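Here is the structure we will look at.
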Amino acid sequence: MLACICAIDRAALPPLMEYWVPEVEVTGLHELVANALILPGEQERTTDLRGEPLPGMEDADE
């Protein structure tokens, strides 16, 4: 996972990473922080901000 602070880098790097290092995904630093936040009274999450299953929560919806 490659984390970028700049939104321009976040938009421009995914095609380059697909070509040069296909196994590396690009994300924004803000997305990493938002996925890590746990707020009081929040429901347990099974997906991240992209709607992808959180690690260990793949079967939680069944």
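Mean residue ellipticity at 222 nm, helices only, the chain: -10500 deg cm²/dmol; runs of at least 4 DSSP H residues each add -39,500 (n - 2.57), and the sum is divided by the number of residues.
With R₀ set to 30 Å, the beta-carbon distance separating residue 20 from residue 52 gives a calculated FRET efficiency near 0.85.
Fewest Cβ neighbours within 10 Å first, please rank 21, 26 accordingly.
Working: 21 10, 26 18.
The order, fewest Cβ neighbours first, is 21, 26.
Neighbour counts of C-beta atoms inside 10 Å place 46, 27 in the sequence 46, 27, starting with the fewest. Normalised Debye scattering of the chain at q = 0.21 Å⁻¹ gives log10 I(q)/I(0) of -0.91, counting only Cα atoms as equal scatterers and leaving out solvent.
A short reminder: the numbers here are calculations on the coordinates, not readings from a lab. Given the structure is predicted, the values throughout are model-derived calculations rather than measurements. Because the Cβ atoms are built from the backbone with ideal geometry, glycine has one as well, and the counts that use them run over all protein chains shown.
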